[in-house]
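Enquirer: This is the structure, below, for whatever I ask next.
The values are calculated or read from the model by the stated rules, or taken from the named source; none is laboratory data. Just so it is clear, the structure is predicted and the values come from calculations on it, not from any experiment. Note that each Cβ is placed from the backbone with ideal geometry, even for glycine, and that neighbours are counted across all protein chains shown. When the accessible area is computed, the model is the full protein with side chains, heavy atoms only, and any ligands, DNA or RNA have been set aside. Shrake-Rupley method; radii C 1.70, N 1.55, O 1.52, S 1.80 Å.
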Amino acid sequence: MARPLDLIDDAATEILLRLPPDDPACLVRASVVCKAWRQLVSDPAFLRRYRAFHGAPPLLGFLRNIYDDGPCAQFVVAAAASASPFSEPVLDRRNWWVLECRHGRVLIQSFERHASTNLLVWDPITGEKQHVPEPTDPFYYHTAAVLCGVEGCNHLDCHGGPFLVVFMGVHDREEEEEDLTWAYVYSSETGAWTMSSTIQLDAYMEARPSLLAGDALYFSLQEGERILKYDLIEQSLQVIKAPDMFEPTKGIVVTAEDGGLGLAGLIHEYLHLWSWQAGPYGVAEWVQGRVVNLCTLLANVDPWIFHVVGFQEGTDTIFICTDVGMFAVMPKSGQMNKVGERGFYCTITPYTSFYTPDIAKGTLPPP
């Protein structure tokens, strides 16, 4: 028969497991209630259960780039969160440019004159920064992606682990009709770049975040008219033409409902969703899916101001910029939340992560 104290601990565990992760200070506040709760919510077994119970990490904020007398990277705390682990501004850095973020890390391009390297991988929660040298091959257009380097990881807590950077560069070869696009992969474990793949391609890279869907990264080319696929397993490159029914600059790569490559684009106030699927003869093609009337979700908002500016991997959340603020739209459920105030949002990168006592040790009072 269980002791009364054991029953109390079990009840407390079940209650604490249900504290909302999108109120990131909640679990941290619980840890300072008493020593028993501190031990419970700091136990690795409890934290694994907590992350698994809630699934996808919550949105804590998003990163954006502005140009004000030079490039400037900013971190904006999500307005939807009732509390935040961050004291603003977390990031408001001139001569930095956010390339993207994934698995709790942010990949930054530095334009600082005396910087030892031009690439930086930053963890906003732990504050850890790691400089990454650029590949030595010549390029004049480029983009890059960051992702967890642990095979089979569930990506619920990647803080402090190894990571990979995939760097895509375009080299202008004057003697050739088409430019050479190449992919290099950097491993934080080896501290070195490896040449992965090349393709002849007459197109330029877009300064937009990539999409990780399945075992492939997808990069936007030439104002969204084409998509460059990098297969992480086969280490190969492939070009995919986007459907041409909407203005390319109003579209963005997203995860389709089947987990593969998708595309979200606007025609006036209608959000059109597409998925890249195998056709009847094994040839992949674009298949149109849902069409969402944004005016039914965003009443009294000028539809001519709508812009698709971001996507949250692991969910169906698409970020729409309007003249009254930025909204997270979930097409499957028809839900909509305001996550940012009115401002300039060309392209944003959502930052998602669990904020739990094991990664907030520096901010907690002693037990």
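Enquirer: Using the Kirkwood radius over Cα pairs, work out the Stokes-Einstein diffusion coefficient for segment 100-212 at 10 °C and 1.306 mPa s, in µm²/s as a whole number.
Expert: 106 µm²/s
Enquirer: Then there is this: Which label belongs to the value computed from this structure, given these candidates for log10 I(q)/I(0) by the Debye sum over Cα atoms at q = 0.07, 0.15 Å⁻¹: (1) -0.33, -1.41; (2) -0.36, -1.20; (3) -0.32, -1.54?
Expert: (1)
Enquirer: Okay, moving on. Per residue of segment 45-62, in order, report the coupling 6.51 cos²θ - 1.76 cosθ + 1.60 (Karplus, θ = phi - 60°) as ³J(HN,Hα) in whole Hz, putting x for Gly and Pro.
Expert: Values per residue, Gly and Pro as x: 5, 5, 5, 5, 5, 4, 5, 5, 4, 9, x, 4, x, x, 6, 9, x, 8 Hz.
Enquirer: According to the Cα gyration tensor, what semi-axes, each the square root of 5 times an eigenvalue, does the equivalent ellipsoid of segment 193-245 have, listed from largest to smallest in whole Å?
Expert: Numbers: eigenvalues 71, 33, 22 Å².
Here the semi-axes work out to 19, 13, 10 Å.
Enquirer: Roughly what would the spin-label model give for Gln335 and Glu189, points 7 Å off Cα along C-beta, in nm?
Expert: 3.7 nm
Enquirer: Related question: Please report, to one decimal in angstroms, the Kirkwood hydrodynamic radius of segment 124-277 built from all distinct Cα-Cα pairs.
Expert: Here the Kirkwood hydrodynamic radius works out to 16.8 Å.
Enquirer: In the P(r) worked out for segment 289-333, what percent of Cα pairs fall beyond 17 Å?
Expert: Percent of Cα pairs beyond 17 Å in segment 289-333: 28.
Enquirer: Count of lysine pairs in the chain with Cα atoms under 23 Å apart, counting only pairs 8 or more residues apart in sequence or on different chains?
Expert: 7
Enquirer: Turning to a different aspect of this structure: On average, how much accessible surface per residue is there in the chain, in Å², for a 1.4 Å probe, leaving out ligands, DNA and RNA?
Expert: Counting only protein heavy atoms, the per-residue value for the chain is 49 Å².
Enquirer: Further, regarding this structure: Measure off 7 Å from each Cα along the Cα-to-Cβ vector at Glu285 and Ala56, then give the distance between these two points in nanometres to one decimal.
Expert: Taking the two extended label points, one gets 2.9 nm.
Enquirer: State, as an integer percentage, the relative contact order of the chain based on alpha-carbon contacts under 8 Å between residues 6 or more apart.
Expert: On the way: 789 pairs, mean separation 53.2, N = 367.
It comes to 15 percent, rounded to a whole number.
Enquirer: Sorting check: for 19-28, 190-199, which peptide has the highest mean count of neighbouring beta carbons within 10 Å, and how do the rest follow?
Expert: 19-28, 190-199
Enquirer: First compute the accessible area of segment 251-359 with a 1.4 Å probe, then give the percent of it belonging to carbon and sulfur atoms.
Expert: Of the solvent-accessible surface of segment 251-359, carbon and sulfur hold 53 percent.
Enquirer: I've got another one for you. What per residue convex hull volume, in Å³, comes out for segment 101-154 when only alpha-carbon positions are used?
Expert: Roughly 112 Å³ of hull volume per residue.
Enquirer: Can you find, among Val185, Ala213, Ala203, the residue sitting farthest towards the positive end of the charge dipole of segment 159-292, where Lys and Arg contribute +1 and Asp and Glu -1 at Cβ?
Expert: Ala213
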